[in-house]
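The values are calculated or read from the model by the stated rules, or taken from the named source; none is laboratory data. This one's a predicted model, so the numbers in the text were calculated from it and none came from an experiment. Neighbour counts run over all protein chains shown; Cβ positions are idealised from the backbone, glycine included.
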Amino acid sequence: MTMASEGVAAPDSGAAGGGAAGPYRFVALGDSLTEGLGDPVRGGGWRGWAALLADALGETPGSVALVNLARSGALAADVAERQLPAARELTPRYVSLVVGANDTLRDAFAIERVAAALDLAHGALSADGAVVLTACLPDPGRMLGLPAPLARPLARRMRAVNTVVHAVSARYGGVHLHLADHPWVTDRGSWSVDRLHPSERGHRLLARAFHAALADTGLPVGRPPALTLDGRPPSRAGSALWMATRGTRWVAARCTDLLPGLLALAVKECRHGLAGTGRLLDAAADQATRGALTALGADRLPKDPATPPAADRVPEDIATAPGAATMTG
């Protein structure tokens with residue numbers, strides 16, 4: 001999920017698979033996770049979980065056409081302001097709304113802005129009659145293995161975003177997956193070498209989890225996406241080589257905006273840690289999140305923001321697959 005934000009042009013309606021009489025449309029909104037980074041295809045470009053899921057939707061293969069509007073670096077506001085209008089013009093049957101990790105990597109992070117953007121997008125799409133898919137995600141600091149004083153502020157931000165996603169999905173009746181705290185974060189086979197994007201296996205697991213969630217609602221779905229890989233999984237040696245040669249520069253280039261503020265947060269974290277008052281930082285973040293949702297009139301909050309709704313769960317076949325116990329609620 002890179003830092004640079006990009007705009008979105010409304011696609012040609014023909015790319016969506018026809019007009020009202022044609023196949024259902026699945027429009028994917030979000031950032032590089034949904035764009036497909038980490039799941040390359042021959043000849044260049046990316047496939048990703050959204051394409052894998054689209055092939056498994058509908059009563060017959062190919063009956064749901066995918067339009068992927070997700071762009072690397074997108075923030076929640078980018079989705080609401082740029083991707084959402086293009087999506088609504090396509091009158092989709094299914095829409096995925098998975099975004100927010102990039103927001104946590106910005107110095108000017110504000111949960112109220114994230115909440116407003118997600119509520120606007122989810123509300124508009126639901127009002128249009130679309131089935132909206134959302135997911136909570138692990139925090140970038142944990143995925144990158146940052147030291148605790150740096151990781152905790154990012155984790156707090158990601159927890160705030162996830163709480164908002166829970167509440168907004170519950171408000172509008174979306175199809176939601178809780179993926180934030182599962183061991184897939186430490187499963188190397190589920191991640192590409194950059195540790196920020198799923199590998200092909202991770203994309204397949206995510207597609208399969210959404211497929212099962214849709215099937216649970218009674219919506220028509222085909223065979224679940226296969227877990228058999230087309231390519232070779234990332235190796236430990238490859239990951240280490242990437243981090244040693246390119247990864248450090250890659251991370252540094254994307255922290256230009258975040259790093260000064262993150263260092264200040266780390267100093268604050270250390271001070272509270274020495275004083276034994278770290279819980280005050282958690283309480284302040286939770287209060288800000290609840291305030292953001294109250295401002296939206298979203299009163300269907302989880303009793304404990306750290307605890308996902310009971311309905312969030314992982315399908316048994318995914319939870320028990322070798323190395324696939326990576327997506328659970």
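The C-beta contact set for the range 168-180 (first residue surrounded by fewer than 23 Cβ atoms within 10 Å (Cβ to Cβ), second residue among the acidic types (Asp, Glu) and assigned to a helix (DSSP H, G or I), distance under 8 angstrom, 6+ apart or interchain) comprises 171/119.
Please give the helices (runs of 4 or more DSSP H) falling wholly within the range 192-285 in which 2 or more residues are at pLDDT below 85 and of a type outside the set (Ser, Thr, Tyr). Break it down into steps so the answer makes sense when it comes.
Working: elements: 200-216, 236-242, 248-254, 259-275.
Output list reads 236-242, 248-254, 259-275.
Please tell me if residue 39 is surrounded by fewer than 24 Cβ atoms within 10 Å (Cβ to Cβ), acidic (Asp, Glu) and over 21 Å from residue 168 (Cα atoms). No. Residue 299 - would you say it is in a loop (DSSP other than H, G, I, E, B), modelled with pLDDT of 50 or more and within 30 Å of residue 32 (Cβ to Cβ)? For residue 299, the condition - in a loop (DSSP other than H, G, I, E, B), modelled with pLDDT of 50 or more and within 30 Å of residue 32 (Cβ to Cβ) - is not met. Restricting attention to the range 65-74, does a residue exist that is crowded, with 24+ Cβ neighbours inside 10 Å and within 20 Å of residue 163 (Cα to Cα)? Within the range 65-74, one or more residues are crowded, with 24+ Cβ neighbours inside 10 Å and within 20 Å of residue 163 (Cα to Cα).
If the condition is being outside any loop (DSSP other than H, G, I, E, B) and touching a strand residue (DSSP E or B) at 6+ places or on another chain (Cβ under 6 Å), then the range 130-166 contributes 131, 132, 133, 134, 135, 136, 162, 165.
Table: residues versus (1) more than 30 Å from residue 65 (Cβ to Cβ); (2) under 16 Å from the mean Cα position of the chain (by Cα); (3) at pLDDT 85 or above; (4) among the charged types (D, E, K, R).
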| residue | (1), (2), (3), (4) |
| --- | --- |
| 98 | no, yes, yes, no |
| 119 | no, yes, yes, yes |
| 122 | no, yes, yes, no |
| 125 | no, no, yes, no |
| 141 | yes, yes, no, no |
| 184 | no, yes, no, no |
| 188 | yes, no, no, yes |
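Could you say whether any residue in the range 76-85 is modelled with pLDDT under 95 and surrounded by fewer than 23 Cβ atoms within 10 Å (Cβ to Cβ)?
In the first step, residues of the range 76-85 are kept if they are modelled with pLDDT under 95; the result is none.
No, there is no match, as no residue in the range 76-85 is modelled with pLDDT under 95 and surrounded by fewer than 23 Cβ atoms within 10 Å (Cβ to Cβ).
Among the residues making up the range 101-123, those that are surrounded by fewer than 18 Cβ atoms within 10 Å (Cβ to Cβ) and touching a Leu at 6+ places or on another chain (Cβ under 8 Å) are 106, 107.
For the range 91-114, check the following and say yes or no: at least one residue is of a type in the set (D, E, K, R) and farther than 22 Å from residue 291 by Cβ. Yes - at least one qualifying residue is present in the range 91-114.
Considering only residues in the range 131-143 that are closer than 19 Å to residue 167 by Cβ and in contact (Cβ under 8 Å) with a residue 60 or more places away in the chain, the one that is surrounded by the most Cβ atoms within 10 Å (Cβ to Cβ) turns out to be 135.
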